[in-house]
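The values are calculated or read from the model by the stated rules, or taken from the named source; none is laboratory data. Computed from a predicted structure; not experimentally measured. Every residue, glycine among them, receives a Cβ derived from its backbone with ideal geometry; neighbour counts consider all protein chains shown.
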Amino acid sequence: MPENLRVVVIGAGPAGLTAAYQFGRRGVAASVYEADDVVGGISRTVERDGWRFDIGGHRFYTKVARVEAMWREVLGPGDFLRRPRLSRIHYRGKMFDYPLRPVSALRGLGLFESVRCIGSYVWARLRPPRDQSNFEGWVSARFGRRLYSIFFKTYTEKVWGIPATSLQATWAAQRIRNLSLGRAILSAFRRRRDRTEVESPIEEFHYPRYGPGMMWEHCAVKVAQSGGTIETGTWVRAIHRRGDQATAVTVVDAESERTEPADHVISSMPLSTLIEAMDPPAPVPVQNAAAGLQYRDFLTVALVVPAEVGFPDNWIYVHTPGVLVGRIQNYGSWSPNMVKDGRTCLGLEYFLSAGDPLWNAPDDEVILLATAEVQRLGLVNAGAVETGYVVRVPRAYPVYDAAYQSNVDAIRRWLERSAVNVHPVGRNGLHRCNNQDHSMLTAMLTVENILDGAGHDVWSVNVEHAYHEEVISTDAPSGPGTPSGAGGASSPAGRSVPVVPAARSGSS
């Protein structure tokens, strides 16, 4: 390992802090620059007037041993709570299990609607959609258009802000288990001893006492103890290159601008922003590819209500049309330490773009809208809402539109030729909706690449083509196309397993 290695880490979210932590364990002091004034990225805990909000919901469960080990190194056993898991789908006044179980969903829809859904599925088997390259065609082919329209279309289009026909099937394959309605129904009537798969929904998960940000606040302290530095309120304006190497970064804070030398740059900032920061600039086609990457922004409205009018779910997915809210958390169901005695806090989540009217509306108007919607859904009477808070998170979710993969590929090829010591990691760094443990794994493997010459293909760290919250369920996929803001990684986690890549055999 080279002596006095100068490592710059851009971003203090899970990926950036994991990289700095792993470097510190190996005797390398990394310099971390975070544009926000807090650490944790989308995994931070927001605090307002003593209330704590989890931005996106973060269950801590993983099948990746090294990720689990790091969690346990950073937080002690007393910092983790074991929490019961419950999440459901709200559709036209009724609640349905999440992950979605088609057989129980059909029962809940009633005889007439169930017959229509089964008929739609049969039609899809006889006349499958011609175009299954997009989300709508892929899901409709496996569940029928009617079941798709009830349990997939409305929510997915709320999340992504584009027609489901414009969202790539890659997302469906990544987030929805590759089962058909027919297989689910047959499995429901199969004798239990003849089933080759086990139905076992996750019942509990681990959760930091004061929310996910507690993990990253403690991690930041450990990075500093190992000799690393973390500067918040500081952003990287330029990455300077000479030949095929980055040589320095220019950072800016509220008071000054300075240039720091760098032997390696670990970047978890948005991939498009990384390209914009290159000096000299990337070629025009690469700049165009970066400009073509799209992001979805995220707004949470936290409403304080009496504890007794809350609900037991960690979160509820809102598939009911006619409201803008996409998902509702109950922070008291995550941890009693997030709320105050006798009260709980409901987080209504809206998926937006920064130019949308709701994004720019005054907080008071946004709180009134959220209060009206939670009443319209029949969950809480508006009069029970005592106060509210608004939290905005730009560029929370990379969008899987029709051009995203070709744009990412063009950027990757250029980086591997022209900035070989610049290493994208994490969700926004790789423009991939990785879960928290996926993002951490990309950082761990990148550190091994730098210090050990391991040759891991970090770009291939992604979930399997299965997504479910059960050990393995024969009943159904785990539900709608949902951005995963959270923790776990395997079958019972509520998140899928990151695939640890082999060493790469060449650029792509």
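What about LEU17, is it within 30 Å of TYR331 (Cβ to Cβ) and buried (at least 19 other Cβ atoms within 10 Å of the Cβ)? Taking the combined requirement at face value, the residue satisfies it. Residues in region 59-69 that are at pLDDT 90 or above, crowded, with 22+ Cβ neighbours inside 10 Å and either in contact with a Ser or Thr (Cβ under 6 Å, 6 or more places away or on another chain) or closer than 19 Å to GLU448 by Cβ (or both): VAL67 alone. In the condition set (1) among the aliphatic types (A, V, I, L, M); (2) farther than 24 Å from ASN434 by Cα; (3) out of contact with any strand residue (DSSP E or B) (no Cβ under 9 Å at 6 or more places or on another chain), ALA69 is compliant with all but (2).
For every residue, the table says whether it meets (1) small (Gly, Ala, Ser); (2) in contact (Cβ under 8 Å) with a residue 12 or more places away in the chain; (3) more than 28 Å from ARG327 (Cα to Cα).
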residue	(1), (2), (3)
PHE23	no, yes, yes
SER31	yes, yes, yes
GLY40	yes, yes, no
ARG44	no, yes, no
PHE53	no, yes, no
VAL67	no, yes, no
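Here is the figure for region 32-48: residues that are part of a loop (DSSP other than H, G, I, E, B) and out of contact with any helix residue (DSSP H, G or I) (no Cβ under 8 Å at 6 or more places or on another chain) total 3. Entry remark, region 413-427: residues being in contact with a helix residue (DSSP H, G or I) (Cβ under 6 Å, 6 or more places away or on another chain) and either free of Cβ contacts under 8 Å to residues at least 12 places away in the same chain or basic (Lys, Arg) (or both) number 1 in total. Within the set of pairs 6 or more residues apart or between chains, which connect a residue that is free of Cβ contacts under 8 Å to residues at least 40 places away in the same chain and at negative phi inside region 238-255 to a residue that is buried (at least 16 other Cβ atoms within 10 Å of the Cβ) and among the aromatic types (Phe, Trp, Tyr) with Cβ atoms less than 7 Å apart? Note: pairs meeting the criteria are VAL252/TRP235. Just to be sure I understand, how many residues within region 401-448 are basic (Lys, Arg) and buried (at least 21 other Cβ atoms within 10 Å of the Cβ)? Of the residues in that region, 2 qualify.
Restricting ASP457, ASP452 to those that are free of Cβ contacts under 8 Å to residues at least 24 places away in the same chain, within 26 Å of LEU17 (Cβ to Cβ) and surrounded by fewer than 18 Cβ atoms within 10 Å (Cβ to Cβ) reduces the list to ASP452. The condition of being farther than 19 Å from ILE55 by Cβ and either β-branched (Val, Ile, Thr) or not assigned by TED's automatic domain parsing to the domain that holds THR156 (or both) holds for only one of LEU379, LEU346, that being LEU379.
Within region 420-432, at least one residue is at pLDDT below 95 and outside any helix (DSSP H, G or I). Only one of the listed residues (LEU274, LEU293, LEU299) is within 30 Å of GLY378 (Cα to Cα) and surrounded by 16 or more Cβ atoms within 10 Å (Cβ to Cβ). That residue is LEU299. Exactly one residue among SER406, SER439 is in contact with a Pro (Cβ under 6 Å, 6 or more places away or on another chain), in contact (Cβ under 8 Å) with a residue 24 or more places away in the chain, small (Gly, Ala, Ser) and in the same structural domain as VAL38 (by TED's automatic domain parsing), and that residue is SER439. Within region 65-88, restricting attention to residues that are aliphatic (A, V, I, L, M) and either assigned by TED's automatic domain parsing to the domain that holds TYR148 or not in a strand (DSSP E or B) (or both), the residue that is farthest from ARG107 (Cα to Cα) is VAL74. For region 356-387, taking the residues that are of a type in the set (D, E, K, R) and part of a loop (DSSP other than H, G, I, E, B), the one that is surrounded by the most Cβ atoms within 10 Å (Cβ to Cβ) is identified as ASP356.
Residues in region 203-262 that are of a type in the set (Lys, Arg) and outside any strand (DSSP E or B) were compared, and the one that is farthest from ALA282 (Cα to Cα) is ARG209. If you go through region 84-118 and keep only what is of a type in the set (Val, Ile, Thr) and more than 15 Å from TRP315 (Cβ to Cβ), you end up with VAL103, VAL115, ILE118. In summary, MET440 fulfils each of the numbered conditions (1) within 13 Å of the chain's Cα centre (by Cα); (2) hydrophobic (A, V, I, L, M, F, W, C); (3) modelled with pLDDT of 95 or more; (4) more than 29 Å from VAL249 (Cβ to Cβ) with the single exception of condition (4).
All conditions in (1) in the same structural domain as MET214 (by TED's automatic domain parsing); (2) closer than 23 Å to ALA403 by Cβ hold for GLY137, with the sole exception of (1).
Screening region 200-234 for residues that are at pLDDT below 95 and surrounded by 15 or more Cβ atoms within 10 Å (Cβ to Cβ) and picking the one that is farthest from LEU17 (Cα to Cα) gives PRO201. If a residue must be farther than 25 Å from GLY322 by Cα, of a type in the set (A, V, I, L, M, F, W, C) and surrounded by 19 or more Cβ atoms within 10 Å (Cβ to Cβ), how many such residues does region 104-137 contain? Residues flagged as farther than 25 Å from GLY322 by Cα, of a type in the set (A, V, I, L, M, F, W, C) and surrounded by 19 or more Cβ atoms within 10 Å (Cβ to Cβ) within region 104-137 amount to 1.
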